[in-house]
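Engineer: The structure that follows is given in the form of structure tokens.
The values are calculated or read from the model by the stated rules, or taken from the named source; none is laboratory data. Just so you know, these numbers come straight off a predicted model, no measurement behind them. Note that each Cβ is placed from the backbone with ideal geometry, even for glycine, and that neighbours are counted across all protein chains shown.
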């Protein structure tokens, strides 16, 4: 695979927390134009991988190449402004603001708007984008509600909306449907699939049914290492993967 | 929307009332109070600087007296040592305070929470002791007296005219609060709130949290500096004792009693406590006991301050309606 | 040279007393997560009570009575004003600031504004490193050290002490284990207050007694807590002694204010470079 076709290319990435090696010298290529999923039992290092990629945790060693640049050593906000957004496993938004203002501030951050004088509500182009994102994610029904009073599923949805405000070219979703009701799950999964048509997505998800239904390529991690990468069929038929899942499960997280 | 409009009506009423104060007081023959109000306005800037950091960015500074002190000494030294006119000295004071805040802030905002509160006190204590020992420059505890140059020579405006002095202070403070109102409603103000609400999420939408905090710190230092510069001109005096941490602490108290995270909260808190002092100190020597008790009671029973009580009253109805609507919607969603 | 030795020993004596006060501040901070701005004033109340009680019944009774009064005072304060505002740390700074005002003004109203001095309960001097040193100062250092040791023994050997450590470590687990967390916190506040008053009682004969002394002792105690590492109790003791000796040494050849500025600068560096304290890692 050449640099042209990869959305994200990880080389020799390692993270040690004291004596524990959470991510162990990993090499992964995530191809462009498809929906990638990362699976693995608890403690496999999936979230740590995302944290390393997005600069939230400093790497011990290794490189993370995104559009020809190494992301390692950069601050989270720099990485985000390069077009790589993520959602968090534990959902959280700006609880003291309305849903609309949550999205507005994300749009401002993306556009680099930080005037100390002009009224925030007076930016027409930004307002249009906010409206658009609200409609797009189905949050328009809650636009003026306080984000602190949302249901968990709506918070998860708002997180995705915040990530989208950044117009990301690569989107990392960490358990996006965790805590959602069945109907919310269905709608969110639909949205993710639709989103994947225009944006590269890497998804961490525990719901295997969802992963195998929508992912084009599945990356399996176990104990901080890359176990295998393949299509859903290949992964389903792999004995190593079955062993990891059905063998002695290790709950390290 | 009605709540919003009511709030701005309140702000306008306060501004108009303060603007008319000299006329009214002159009419009722109580021009003594004009200096009390002037003092309230000056100190409210210090409280506002606390509010900007705590209420909008979520950082509790216990060292704002430092920037107040730099503003104060900038003016005093500018006039008494360099022989500057009033306006150059005024801007020298503000520049000194802002520059100090820029330097101290670059270090302080690397820390958060308790650590931030502590390092801000430490900075202010260091310069307090420096100012106390550098008696030849600062006058130490005794302070530095000077006579104020004219505000506008041609027009014959002098600060010794209490009405002129009041309007000078009033207009400067009005400008500061107007600036803050714009700031709060601006995209930068939203950034502040985002950093306060959820630092991690803020960085994940591309906000440089450190830089945002630093900007807030510098603006807050500027506000405190304007307060200090005004205070020096008002008293024709500067003293190291105003840089002690107790002064910073009082500003925190004023801001919280008035209401954190609201534009006029600091002004209301400052006014309340200074008026309380003026009224009770004549009657009871140990009135500070009452002040302490009052402060504790406000924090216990109105944690969002005096202004918080009012906005709860005003917003209460609107919010209850909105909440009911949201609940209904959620119910409909679930079915 | 004599001056250097005298000031160094003075620093050591004062450092041990400050250590006792700072330990009180530190356990309150560690357990209740509040910055108690009135802690210095508790010390001040200790000096005043010691002077008053010593004047009527003698100093030794005061030394026993003052910390007990401190415990009672701490329990009352905790129940009345700390517990209702504990949910927001910025609020507790304000409540304790209000408390500080009340304490200072109450003392000024009853005891008077004039600084007073108190006669040392043990008179005389003994030779020490070639100079004649006050016996009481040495007693004060030894007694403060004894109290510090007793405090650490209390934490490690008694059930209540174990509970305090458990709540410090992990509040939720402590609750789950059935430890009465709220009451442990209340007692801790009382204990911390008692330590500040006890420090005041010990220091009363070697310092001026007036309503303002708390304002000076508070920053010093805070420095010890921060430089020692927030929550690191042994570090607090080490830092308190180190700072006081350092300040003593510097004041022997320079302005005492310079000594104070130096220790503040040290505190800055520690906060920035090793926010967990100078001794982080050493005691873990």
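Engineer: Please count how many residues of the range C:227-275 are farther than 17 Å from residue C:8 by Cβ, outside any helix (DSSP H, G or I) and more than 10 Å from chain B (Cβ to nearest Cβ).
Structural biologist: 4
Engineer: Can you confirm whether the range A:148-158 contains a residue that is over 26 Å from residue A:78 (Cβ atoms), buried (at least 21 other Cβ atoms within 10 Å of the Cβ) and more than 10 Å from chain B (Cβ to nearest Cβ)?
Structural biologist: yes
Engineer: How about the range B:282-316: which of its residues are out of contact with any helix residue (DSSP H, G or I) (no Cβ under 8 Å at 6 or more places or on another chain), assigned to a helix (DSSP H, G or I) and at pLDDT below 85?
Structural biologist: Of everything in the range B:282-316, those that are out of contact with any helix residue (DSSP H, G or I) (no Cβ under 8 Å at 6 or more places or on another chain), assigned to a helix (DSSP H, G or I) and at pLDDT below 85 turn out to be B:309, B:312, B:313, B:316.
Engineer: Regarding the range C:158-168, can at least one residue be identified that is surrounded by fewer than 18 Cβ atoms within 10 Å (Cβ to Cβ), within 30 Å of residue C:113 (Cα to Cα) and touching a helix residue (DSSP H, G or I) at 6+ places or on another chain (Cβ under 8 Å)?
Structural biologist: no
Engineer: Right, here's the next one. Determine if the range C:263-279 includes at least one residue that is under 20 Å from residue C:31 (Cα atoms) and out of contact with any helix residue (DSSP H, G or I) (no Cβ under 8 Å at 6 or more places or on another chain).
Structural biologist: Checked against the condition, which is being under 20 Å from residue C:31 (Cα atoms) and out of contact with any helix residue (DSSP H, G or I) (no Cβ under 8 Å at 6 or more places or on another chain), the range C:263-279 yields at least one hit.
Engineer: If I ask for residues that are part of a helix (DSSP H, G or I), surrounded by fewer than 22 Cβ atoms within 10 Å (Cβ to Cβ) and without any contact (Cβ under 8 Å) to a residue 40 or more places away in the chain, which ones from the range C:80-89 would you list?
Structural biologist: Correct list: C:80, C:84, C:85.
Engineer: Is it fair to say residue C:40 is in contact with a helix residue (DSSP H, G or I) (Cβ under 7 Å, 6 or more places away or on another chain) and either assigned to a helix (DSSP H, G or I) or under 18 Å from residue C:214 (Cβ atoms) (or both)?
Structural biologist: Considered against the rule, which asks whether it is in contact with a helix residue (DSSP H, G or I) (Cβ under 7 Å, 6 or more places away or on another chain) and either assigned to a helix (DSSP H, G or I) or under 18 Å from residue C:214 (Cβ atoms) (or both), residue C:40 comes out as yes.
Engineer: Further, regarding this structure: Among the residues of the range B:64-90, write down those that are assigned to a loop (DSSP other than H, G, I, E, B) and modelled with pLDDT under 95.
Structural biologist: Looking only at the range B:64-90, we keep the residues that are assigned to a loop (DSSP other than H, G, I, E, B), and these are B:64, B:81-85.
Correct list: B:81, B:82, B:83, B:84, B:85.
Engineer: Given the range B:162-205, what helices (runs of 4 or more DSSP H) lie entirely inside it while holding 3 or more residues that are touching a residue at least 24 places away in the same chain (Cβ under 8 Å) and either within 10 Å of chain A (Cβ to nearest Cβ) or surrounded by fewer than 18 Cβ atoms within 10 Å (Cβ to Cβ) (or both)?
Structural biologist: B:162-185, B:187-197
Engineer: Out of (1) over 23 Å from residue C:108 (Cβ atoms); (2) at the interface with another protein chain (Cβ under 9 Å from one of its Cβ atoms), the odd one out for residue B:264 is which?
Structural biologist: Unmet condition: (2).
Engineer: Provide a single number: the residues in the range B:123-142 that are surrounded by 17 or more Cβ atoms within 10 Å (Cβ to Cβ), touching a residue at least 24 places away in the same chain (Cβ under 8 Å) and either more than 12 Å from residue B:241 (Cα to Cα) or in contact with a strand residue (DSSP E or B) (Cβ under 6 Å, 6 or more places away or on another chain) (or both).
Structural biologist: 1
Engineer: If you check residue C:35 against the conditions, is it out of contact with any strand residue (DSSP E or B) (no Cβ under 6 Å at 6 or more places or on another chain), part of a helix (DSSP H, G or I) and more than 23 Å from residue C:135 (Cα to Cα)?
Structural biologist: Answer is no for this residue.
Engineer: Please find, among A:114, A:92, the residue that is without any contact (Cβ under 8 Å) to a residue 24 or more places away in the chain, within 11 Å of chain B (Cβ to nearest Cβ) and assigned to a loop (DSSP other than H, G, I, E, B).
Structural biologist: Working: A:92 fails: without any contact (Cβ under 8 Å) to a residue 24 or more places away in the chain.
Answer to the check: A:114.
Engineer: Any idea which residue in the range A:67-86 is farthest from the other protein chains (Cβ to nearest Cβ), counting only those that are under 25 Å from residue A:214 (Cβ atoms) and either at pLDDT 95 or above or buried (at least 21 other Cβ atoms within 10 Å of the Cβ) (or both)?
Structural biologist: First, the residues of the range A:67-86 that are under 25 Å from residue A:214 (Cβ atoms): A:67, A:80, A:83-86.
Then keep just the ones that are either at pLDDT 95 or above or buried (at least 21 other Cβ atoms within 10 Å of the Cβ) (or both); that gives A:80, A:84-86.
On the way: A:80: 4, A:84: 10, A:85: 7, A:86: 6 Å.
Across the range A:67-86, the extreme among qualifying residues is A:84.
Yes/no matrix, rows are residues, columns are (1) part of a helix (DSSP H, G or I); (2) in contact with a strand residue (DSSP E or B) (Cβ under 8 Å, 6 or more places away or on another chain); (3) touching a residue at least 60 places away in the same chain (Cβ under 8 Å):
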{"site": "C:77", "(1), (2), (3)": "yes, no, yes"}
{"site": "C:101", "(1), (2), (3)": "yes, no, no"}
{"site": "C:119", "(1), (2), (3)": "no, no, yes"}
{"site": "C:137", "(1), (2), (3)": "yes, no, yes"}
